[in-house]
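In what follows, a single structure is set out as structure tokens and then discussed.
The values are calculated or read from the model by the stated rules, or taken from the named source; none is laboratory data. Everything quoted here is computed from the prediction, not taken from an experiment. No Cβ is skipped: glycine too gets one built from the backbone with ideal geometry, and neighbour counts run over all protein chains shown. The area values use the complete protein model at the heavy-atom level, side chains included, leaving out ligands, DNA and RNA. Shrake-Rupley method; radii C 1.70, N 1.55, O 1.52, S 1.80 Å.
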2 protein chains.
Amino acid sequence: MPSYKAPVQDTLFLLNDVFHYQNYGNLPGFAEASMDVVEAVLEEAAKISEEILQPINHSGDLEGCTRNADATVTTPAGFKQAYKAFKDGGWVGISAPAEFGGQGLPYVLGSAVMEYCASANMAFTMYPGLSQGATAALLQHGNEAQKALFAPKMVSGDWTGTMNLTEPHCGTDLGLLKTKAVPNGDGSYAITGQKIFISAGEHDMAENIIHLVLARIEGAPQGTKGISLFLVPKFHVNADGSLGARNAVSCGSIEHKMGIHANSTCVMNYDGATGTLLGAQNKGLNAMFVMMNEARLGVAIQGLSLSEVAYQNAAAYAKDRLQGRSISGAKEPGKVADPILVHPDVRRTLLSIRAFNEAARAFIIWTALKADVVHHSTDEKARQAAEDHLGLMTPILKGCLTDIGFDNCVKAQQMFGGHGYIGEWGMEQFVRDARIAMIYEGANGIQALDLVGRKLGLNGGRAVTTFFGEVAAFIKENQTDEAMKPYLAGLQSGVGHLQQATMWLMQNGLAKPDNAGAASHDYMHMFGLVAFGLMWGKIAKAALARKAADASQAHSMDAKLMTGKFFFERMMPETGAHLVRISTGADTMMAMTADMF
Amino acid sequence: MPSYKAPVQDTLFLLNDVFHYQNYGNLPGFAEASMDVVEAVLEEAAKISEEILQPINHSGDLEGCTRNADATVTTPAGFKQAYKAFKDGGWVGISAPAEFGGQGLPYVLGSAVMEYCASANMAFTMYPGLSQGATAALLQHGNEAQKALFAPKMVSGDWTGTMNLTEPHCGTDLGLLKTKAVPNGDGSYAITGQKIFISAGEHDMAENIIHLVLARIEGAPQGTKGISLFLVPKFHVNADGSLGARNAVSCGSIEHKMGIHANSTCVMNYDGATGTLLGAQNKGLNAMFVMMNEARLGVAIQGLSLSEVAYQNAAAYAKDRLQGRSISGAKEPGKVADPILVHPDVRRTLLSIRAFNEAARAFIIWTALKADVVHHSTDEKARQAAEDHLGLMTPILKGCLTDIGFDNCVKAQQMFGGHGYIGEWGMEQFVRDARIAMIYEGANGIQALDLVGRKLGLNGGRAVTTFFGEVAAFIKENQTDEAMKPYLAGLQSGVGHLQQATMWLMQNGLAKPDNAGAASHDYMHMFGLVAFGLMWGKIAKAALARKAADASQAHSMDAKLMTGKFFFERMMPETGAHLVRISTGADTMMAMTADMF
């Protein structure tokens, strides 16, 4: 059975030493969350992850969710109790505004908590995770009455929320959706249609479920211009907040999925269910996209979460499993065999996971801090720069962290040999669970297209120019530091390739958009590598400083410094291959006729 | 539900046009298997794959195998009947010698049949597949009495066979095995111990199961030098071939696996079971390795098989699924949306799978023909060259085809968006099934180590030198052909990188073996790419010739020529990144202490 230990010290190191958390003290929420408080919150989050959520992860996968004859859904044993503990601990509203009962803590802290929880039990974390997204949309687009009636219960976790976008014939292309809304004459609408793949669509853990549903008002334009967002509660809510009768929305079936079995992914049937408009008519997609950006960061975190827990278990196994001897001579002659950690290829595998995990965690914290600036800063320039960063980095984070997170689970599983393929060891569940993150909230191909087709050119390329400036400044700032040389050289090489690729896209992608599409996957991953490289540069700098200041930490800082060196030796060089591929353009692939495939 | 169509025309093109099958007419078996016969056999294999095996693939996964209270195992609905049809068609003994009732057809033909069957139903194919491996070991190491008693029934498929190597504490390192054999005094042995991960260990499809079991004779040396191979039948076999009583071997449980649910992977308990020695005392590992080399090629084929069926379904879906519009303007303005095949990134994904599939199929056929030469040729020089090729290429085929085959299933699944994650569409089963091929018959890390640690340097590097010579000769032979230029340039670049890496290994791997271990994974994949490149060179040459000879085939040959171009543009460039990684050596990863992981 797998185990998990939340990397609290690593999160604290990143917040403190790498990103200078204390500099954000002037933002709302940060003043109340001093580093002492942050540490205490993280320790508590570690506890609930390790002691409450992780122990029901494997059993939840085995048992799955059950749809009963009356269309209710029973979650796996222990989930209801775990949710109660999670809710009572105030974790659902950790970053929600205090006026609705939230803790008002920085988003960056919420994102670290989310990482731990998803490492421990990804399927569980989706219930409150979806709820947080729905609450964000409600707070941003709801009217005062809607907010007053629904937000406090959703922030407390008494009620949960969902997002209903996909229909059988449309996922990415929401303009095709058919679910319709007919005015009831009293300001409400009757919603009719079928939604699929609805995470946490029906369950037994909360008193009510608030569905946010995309639908087309009768007579509205075709395509994306005619889509509105509706709030449809499972149980009607009376004006005093008490629950009324059951609404005409129900779970038709639970999808048979590859993984995340403990999350009830539902087919939801709307049979004239009563809903109220959330935001303006025909502006539903805009409202939904607010939710989706937050959700995409959340999914990126899941990629890191599973990579982290898979790494921990693979590293432990590699130290424990005795099999064969080191090719450079027995390392444990007193034992029947050496632990497999003696083998270079085992170390290469583990380090490639670890070098990603630490950089990805830094990338998330860096970006989550920008989200806090966007939400709270009164400095318009800082706010805009942070928004640029979020827009540019969200597709990169979602695409790269989930692609690589999945690959890393596969690599970690491989360390176990045949045992990795057997359910009891838990590694194959990580692979199956991690797989969905590459698909939902916009499949990764869509993320790549969003990056090259939209985000890159926005405002004359302002965001990407800023990023290149930031990398250049970091290199310049540290180039006289001898100890930083190995890191800066790799970063310089990677960013050079990325700049060449960006130039190529500007010259070849605008005139011929297929060139941009053909480059998108490679460009996204190349960008991710360079961002990881900047993270490793920053981590190395902070590790060198801490090592110099405190000899007792030299050993743990050396581990970081060597892992970073590994990153630049073995992972960053991929940017060169990406550049070559991008530069070949789209001609060959577009020349093929459909029947040739 | 997925579908499958065996690529018979592609196999014939490779045999005929690329590898000049007719040149092998002097080998036993080939004369009787003229191209007409080959085509008829392949058409029949296509039929049984498409009509008998594929329809029970998804249902078999859902139902799985059941261990009954009496330790018997029931296979999923339809498997018993399918096995009878398979057996009655003579497919089990397709390449087995006629003297034992086999069809004596070339191994290359058997390998193509295996490809189709595993595409249709990998879990099913493992039952006869393991049997073929066990039969090969029996024929090579058994004494006359053993062969006469067991081989005909195994070749006919009335009885099946298994391989019993792994124990809970040892997989790769068989020297640690504990199963013991005690002489009964009558020439037989009493075998006692537990084996795990035994594919097809117990089932209801055959009258008897012949287990080949590694065990240590009481008093034999520790380590690999004291291991013997035993033949242990499920039912004792009387001297007249009739079945006697049940032997003391039984299935303790069925493993709970990630995939291949329809194959009964068993924990096998030997409680003083009676067995006879197969081959010489303490030479069991040698005997087993004969089986394992054949088995490794079989596993490599599974990688191709799943990549092929996953591709077929993804390509069909990409033509069918209407979603969004081409970024270069609507391609099907009369429909609600364009098929997703209009998107460059979808084409990039599909072509990267296809460019692998066609090259991998060629690589298999090329190598299977060498196996036929090894088995049958009387020309000692040709036989030795073929044996060199097999030794060198087996780990590359096993490692690369299963790693990439799995990745390709993941890519094909991604084409389906959310539907790819749902069981009903069948794509997630391909991913789960393909995953095991990277692990069994020697995890891919072991294949990579076998390549750099053993095969590369064997006989002064004779095999690899021959390969480099072959590539150089191919380039030289075709360099005046203008149409071949794009293919030759890419091949030249790839083989240049591979030669540099080989040189680096010679200079740095011998003195410091950890450098070889650290390079092994990259070197194996780099070698695979160059071998694929040679295959694409040969395919392009044959396609150009056929196109020139027959205008009606220009369209289908153009598809190959463009896919090959894609390979050199987008896949071969990875050799550059592999070289950079390899050249960084092992120092960083070996410097880390165990507690740092």
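Listed here are the strands (runs of 3 or more DSSP E) enclosed by region B:146-200 that have at least 2 residues being open to solvent by 40 Å² or more (accessible area, probe 1.4 Å): B:180-183, B:189-199. Annotation note: of A:Gly298, A:Gly275, A:Gly279, A:Gly334, the sole residue that is crowded, with 22+ Cβ neighbours inside 10 Å, away from chain B (no Cβ under 14 Å) and part of a loop (DSSP other than H, G, I, E, B) is A:Gly279.
Filter region B:223-245 down to residues that are among the aliphatic types (A, V, I, L, M) and in contact with a His (Cβ under 9 Å, 6 or more places away or on another chain) and give me whichever is surrounded by the most Cβ atoms within 10 Å (Cβ to Cβ). Can you show your working first?
First, the residues of region B:223-245 that are among the aliphatic types (A, V, I, L, M): B:227, B:229, B:231-232, B:237, B:239, B:243, B:245.
Filter once more, keeping what is in contact with a His (Cβ under 9 Å, 6 or more places away or on another chain): B:229, B:231-232, B:243, B:245.
Working: B:Leu229: 30, B:Leu231: 24, B:Val232: 27, B:Leu243: 15, B:Ala245: 9.
So, considering only residues that are among the aliphatic types (A, V, I, L, M) and in contact with a His (Cβ under 9 Å, 6 or more places away or on another chain), the one surrounded by the most Cβ atoms within 10 Å (Cβ to Cβ) is B:Leu229.
Here B:Lys541 fulfils each of the conditions (1) touching a Lys or Arg at 6+ places or on another chain (Cβ under 9 Å); (2) surrounded by fewer than 23 Cβ atoms within 10 Å (Cβ to Cβ); (3) within 20 Å of B:Gln492 (Cβ to Cβ) apart from (1). Of all residues in region A:575-595, those satisfying the criterion of being facing chain B (nearest Cβ under 7 Å), under 15 Å from B:Ile340 (Cα atoms) and either part of a helix (DSSP H, G or I) or among the acidic types (Asp, Glu) (or both) are A:Met589, A:Met590, A:Ala594.
With respect to B:Ala136, determine if the residue is surrounded by fewer than 24 Cβ atoms within 10 Å (Cβ to Cβ), of a type in the set (A, V, I, L, M, F, W, C), more than 25 Å from B:Asp240 (Cα to Cα) and in contact with a helix residue (DSSP H, G or I) (Cβ under 6 Å, 6 or more places away or on another chain). No. Does any residue of region A:102-112 turn out to be within 26 Å of A:Asp36 (Cα to Cα), in contact (Cβ under 8 Å) with a residue 40 or more places away in the chain and in contact with a Lys or Arg (Cβ under 8 Å, 6 or more places away or on another chain)? No, region A:102-112 contains no residue that is within 26 Å of A:Asp36 (Cα to Cα), in contact (Cβ under 8 Å) with a residue 40 or more places away in the chain and in contact with a Lys or Arg (Cβ under 8 Å, 6 or more places away or on another chain).
Is it the case, given these coordinates, that A:Gly494 is under 25 Å from B:Ile327 (Cα atoms) and in a helix (DSSP H, G or I)? So A:Gly494 does not fit the description; no. On inspection, A:Gly259 qualifies as touching a helix residue (DSSP H, G or I) at 6+ places or on another chain (Cβ under 7 Å), within 30 Å of B:Gln429 (Cα to Cα) and facing another protein chain (nearest Cβ under 10 Å).
Scanning region A:231-249 for residues that are assigned to a strand (DSSP E or B) and in contact with a helix residue (DSSP H, G or I) (Cβ under 9 Å, 6 or more places away or on another chain) turns up A:Leu231, A:Pro233, A:Val237. Screening the candidates B:Met503, B:Met535, B:Met484 for the property of being away from every other protein chain (no Cβ under 12 Å), of a type outside the set (Phe, Trp, Tyr) and open to solvent by 40 Å² or more (accessible area, probe 1.4 Å) yields one hit, B:Met503.
Every residue, every condition in (1) of a type in the set (S, T, N, Q); (2) free of Cβ contacts under 8 Å to residues at least 24 places away in the same chain, yes or no:
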site: A:Ala310; (1), (2): no, no
site: A:Tyr317; (1), (2): no, no
site: A:Ser328; (1), (2): yes, yes
site: A:Arg348; (1), (2): no, no
site: A:Phe356; (1), (2): no, no
site: A:Lys370; (1), (2): no, yes
site: A:Val374; (1), (2): no, yes
site: A:Val410; (1), (2): no, yes
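Applying the criterion of being modelled with pLDDT of 95 or more and polar (S, T, N, Q) to the residues of region B:286-325, the residue that is nearest to the chain's Cα centre (by Cα) is B:Gln302. Among the residues of region B:8-27, those identified as assigned to a loop (DSSP other than H, G, I, E, B), open to solvent by 20 Å² or more (accessible area, probe 1.4 Å) and touching a Ser or Thr at 6+ places or on another chain (Cβ under 9 Å) are B:Gly25, B:Asn26.
Given A:Ile365, A:Ile404, which one is within 30 Å of A:Val18 (Cα to Cα), touching a helix residue (DSSP H, G or I) at 6+ places or on another chain (Cβ under 6 Å), open to solvent by 10 Å² or more (accessible area, probe 1.4 Å) and aliphatic (A, V, I, L, M)? Steps first, please.
Working: A:Ile365 fails: open to solvent by 10 Å² or more (accessible area, probe 1.4 Å).
Within the list A:Ile365, A:Ile404, the selection yields A:Ile404.
For A:Met557, the conditions (1) within 7 Å of chain B (Cβ to nearest Cβ); (2) free of Cβ contacts under 8 Å to residues at least 40 places away in the same chain; (3) not basic (Lys, Arg) are fulfilled apart from (1).
Out of B:Gly405, B:Gly420, B:Gly399, report the one residue that is under 19 Å from B:Ala316 (Cα atoms), under 20 Å from the mean Cα position of the chain (by Cα) and either assigned to a loop (DSSP other than H, G, I, E, B) or within 14 Å of chain A (Cβ to nearest Cβ) (or both).
Details: B:Gly420 fails: under 20 Å from the mean Cα position of the chain (by Cα); B:Gly399 fails: under 19 Å from B:Ala316 (Cα atoms).
Just a single option satisfies the conditions, and that option is B:Gly405.
With respect to A:Gly104, is the statement that it is open to solvent by 20 Å² or more (accessible area, probe 1.4 Å), closer than 22 Å to A:Asp271 by Cβ and part of a loop (DSSP other than H, G, I, E, B) true? No. For region B:28-56, residues that are over 14 Å from B:Lys5 (Cβ atoms), modelled with pLDDT of 95 or more and open to solvent by less than 20 Å² (accessible area, probe 1.4 Å) total 1. Within region B:456-481, the set of residues being crowded, with 20+ Cβ neighbours inside 10 Å and outside any helix (DSSP H, G or I) comprises just one member, B:Leu456. All conditions but one from (1) closer than 24 Å to B:Pro573 by Cβ; (2) out of contact with any Ser or Thr (no Cβ under 8 Å at 6 or more places or on another chain) apply to B:Gly494; the one that does not is (2).
Between B:His261, B:His203, which is within 22 Å of B:Glu441 (Cβ to Cβ), part of a loop (DSSP other than H, G, I, E, B), open to solvent by 50 Å² or more (accessible area, probe 1.4 Å) and not charged (D, E, K, R)?
From the options B:His261, B:His203, the qualifying one is B:His261.
Before we move on, is A:Lys178 among the charged types (D, E, K, R), within 14 Å of chain B (Cβ to nearest Cβ) and out of contact with any Cys (no Cβ under 6 Å at 6 or more places or on another chain)? Show your work before the answer.
Values: among the charged types (D, E, K, R): yes; within 14 Å of chain B (Cβ to nearest Cβ): yes; out of contact with any Cys (no Cβ under 6 Å at 6 or more places or on another chain): yes.
Yes; evaluated as a whole, the condition is true for this residue.
Just checking, how many residues over region B:561-583 are of a type in the set (Ser, Thr, Tyr) and open to solvent by less than 40 Å² (accessible area, probe 1.4 Å)? Lay out the reasoning, then the answer.
Going through region B:561-583, the residues of a type in the set (Ser, Thr, Tyr) turn out to be B:563, B:575, B:583.
From what is left, the residues that are open to solvent by less than 40 Å² (accessible area, probe 1.4 Å) are B:563, B:575.
Residues that pass the stated criteria total 2.
Candidates are the residues of region A:432-455 that are open to solvent by 20 Å² or more (accessible area, probe 1.4 Å) and without any contact (Cβ under 8 Å) to a residue 60 or more places away in the chain; the one that is nearest to A:Asp407 (Cα to Cα) is A:Asp450.
Applying the selection to region B:510-528, what residues are within 13 Å of another protein chain (Cβ to nearest Cβ) and buried (at least 24 other Cβ atoms within 10 Å of the Cβ)? Selection gives B:Asn515, B:Ala516, B:Gly517, B:Ala518, B:Ala519, B:Ser520, B:His521, B:Asp522, B:Tyr523, B:Met524, B:Met526. Filtered by the rule that a residue be within 26 Å of A:Val373 (Cβ to Cβ) and either among the polar types (S, T, N, Q) or under 21 Å from the mean Cα position of the chain (by Cα) (or both), region A:39-69 gives A:Val41, A:Leu42, A:Ala45.
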